[in-house]
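Since every read-out is calculated from the coordinates, none of them should be taken as a lab result. A quick note: this is a predicted structure, and the numbers were derived from the prediction, not measured. Glycine also receives a Cβ, built like all others from the backbone with ideal geometry; neighbour counts cover every protein chain displayed.
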Amino acid sequence: MGGRDATMVLLDENGIRCDGRKIDEPRKIVIKAGGLKNADGSAYIEFGDNKILVGVFGPRDVHPKHMSNTDTGILRVRYHMEPFSVGERKRPAPSRREIEISKVIKEALEPAVMLEKFPRTAVDVFIEVLQADGGTRCAALTAASVALADAGIPMRDMVAAIASGKVADTIVLDVNNEEDQAGQADMPIGYMPSLKKITLLQLDGVLTPEEYKKCVDVGVKGCEVVYELQKKALHDKYFGNRSN
Amino acid sequence: MADKRKYVIPGDVVTSGPFRPEQNVILEGNDIISTVVGISEIYDDSVKVIPLTGKYLPKIDDLVIGKVVSHTSLSWELDINSCYIGFLPAMDVFGRDFSTHSDELSSKLKTGDLVAARIANFDRTRDPLITISDRDLGKIDDGVLVQISTSKVPRLIGKKGSMIQMIENGTNAAVTIGQNGWVVVACESAEGLSKAKKAIEMVNEKAHIANLTDLIQDMLNEKDES
């Protein structure tokens, strides 16, 4: 994929990565709650060079009717990448990868949302990736949690997500696109920090049991950093500069 | 009385200890955790969070404003600004001796009509059943519909109805507030109508301001002089 630079140094002797970060340093993250007038809840995230917009509708009537569940509400997630989000034009129809990520994000959000309060309804989450640079599923999940909270959907906790991985035999936090292509392992983690529960864990690559444990620990610590930014985004929208 | 008000978001620990979790909080171990964005209130033995966002969820005995969207031969369906549709049986309007042969539903309520109604029954298995057989309920003949956020309805009513009384006295308008965030303003004079409408929109936008009552009072007086 793309013109990978064979001479690129993923990690130099001082522990500095290819984009100048330290091994446990995430990219710059900016989250904004709200912004879309017609959606019931929305959020925008900039996660390094990733730019993602999320809109949430509901709870609302389920169409088609046969999808509704009399015991609980249902969650529907659509993850979609814009044709201009990557270097070469991406065909806009949902790809195998997008369908899978939609399912993965849906299943990562389900433990958090309390849809049993709204039987026979649906909550729709629309995720549009405007610009992609590795780690979009984590950024999308993070933004989707904020958008759900903005829509007033009751949640046990917000899901924060970040990827850790193994690059140049070292466990690093927040794998970017270059590291993902050339690195050895990539592990996206979704985590509910208040409840201390993991809702998403994937792994692409090979790790020893010790590396695996370290990778999860690094990822969970990263999620706590992301969580603070999610809380700040909601505080800024609803409470402005008023503090407790 | 409530004390220790706090701004909370989902996942925030409101407090810990032997409290009864009420609206919008869950008990997790020993901690009480908020499930919505809102303001937490801790009482002597219970904790609740007043939400700042979200849709209206019907509650039995709530007064709501509904808009007729369709009807079958036995009932009307009303949009009550919720995720569920309000169900108004024809028997409620025509009385006991209602018959599908002699009575035509559209003679009483047409699609698009506004109705002041009360939630008669609601549980998670069925759509909310509403009734208009009570004093002050029924079809709304004149007035302007103003939509506000559901979470700001208590602010518009004020303590013991102080806010709404002030707006009504200041403009000579009759205001019907539905718990679902729909408000109908009726007034003889066009000036009073627009002023009352403006006041309600002001409450909706500035609900968090502490001395809102004075602000609204100033606004109401100000126009009188000009």
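Suppose the filter is within 14 Å of chain B (Cβ to nearest Cβ) and not charged (D, E, K, R); does A:Asn69 pass it? Here the answer is yes, as A:Asn69 does meet what is asked. Quick one: would you say A:Ala140 is outside any loop (DSSP other than H, G, I, E, B), more than 14 Å from chain B (Cβ to nearest Cβ) and closer than 30 Å to A:Pro59 by Cβ? Here the answer is yes, as A:Ala140 does meet what is asked. Summed over the stretch A:180-233, residues that are in contact (Cβ under 8 Å) with a residue 60 or more places away in the chain, part of a helix (DSSP H, G or I), small (Gly, Ala, Ser) and buried (at least 16 other Cβ atoms within 10 Å of the Cβ) total 2. The set of residues from the stretch A:143-179 being part of a helix (DSSP H, G or I) and within 14 Å of chain B (Cβ to nearest Cβ) comprises A:Ala144, A:Ser145, A:Val146, A:Ala147, A:Leu148, A:Ala149, A:Asp150.
Applying the criterion of being in contact with a Ser or Thr (Cβ under 7 Å, 6 or more places away or on another chain) and part of a loop (DSSP other than H, G, I, E, B) to the residues of the stretch A:113-137, the residue that is nearest to A:Leu203 (Cα to Cα) is A:Ala132. Only a single item in (1) over 22 Å from A:Ala112 (Cβ atoms); (2) within 11 Å of chain B (Cβ to nearest Cβ); (3) of a type outside the set (Val, Ile, Thr) is not met by A:Gly205, and it is number (2). Contact annotation: residue pairs with Cβ atoms under 8 Å, 6 or more positions apart or on different chains, pairing a residue in the stretch B:164-179 that is closer than 19 Å to B:Glu222 by Cβ with a partner that is polar (S, T, N, Q), are B:Met166/B:Thr213; B:Met166/B:Gln217; B:Gly170/B:Gln217; B:Gly170/B:Asn221; B:Asn172/B:Ser189. Search the stretch B:15-26 for residues being closer than 25 Å to A:Glu224 by Cα and within 11 Å of another protein chain (Cβ to nearest Cβ), and hand back the single one that is nearest to the chain's Cα centre (by Cα). Only one residue fits best here, namely B:Asn24. If you check B:Ile157, B:Ile132, B:Ile119 for being of a type in the set (Val, Ile, Thr) and free of Cβ contacts under 8 Å to residues at least 24 places away in the same chain, only one passes: B:Ile157. The strands (runs of 3 or more DSSP E) located wholly in the stretch B:29-107 that include 2 or more residues which are surrounded by fewer than 21 Cβ atoms within 10 Å (Cβ to Cβ), within 13 Å of chain A (Cβ to nearest Cβ) and of a type in the set (D, E, K, R) occupy B:75-79.
B:Leu145 meets all of the listed conditions (1) part of a helix (DSSP H, G or I); (2) surrounded by fewer than 16 Cβ atoms within 10 Å (Cβ to Cβ); (3) among the aliphatic types (A, V, I, L, M) but one, namely (1).
Condition check ((1) part of a strand (DSSP E or B); (2) surrounded by fewer than 16 Cβ atoms within 10 Å (Cβ to Cβ)) across all residues:
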residue: A:Glu46; (1), (2): yes, no
residue: A:Gly58; (1), (2): yes, no
residue: A:His66; (1), (2): no, yes
residue: A:Thr72; (1), (2): no, no
residue: A:His80; (1), (2): yes, no
residue: A:Gly87; (1), (2): no, yes
residue: A:Lys90; (1), (2): no, no
residue: A:Pro94; (1), (2): no, yes
residue: A:Lys103; (1), (2): no, yes
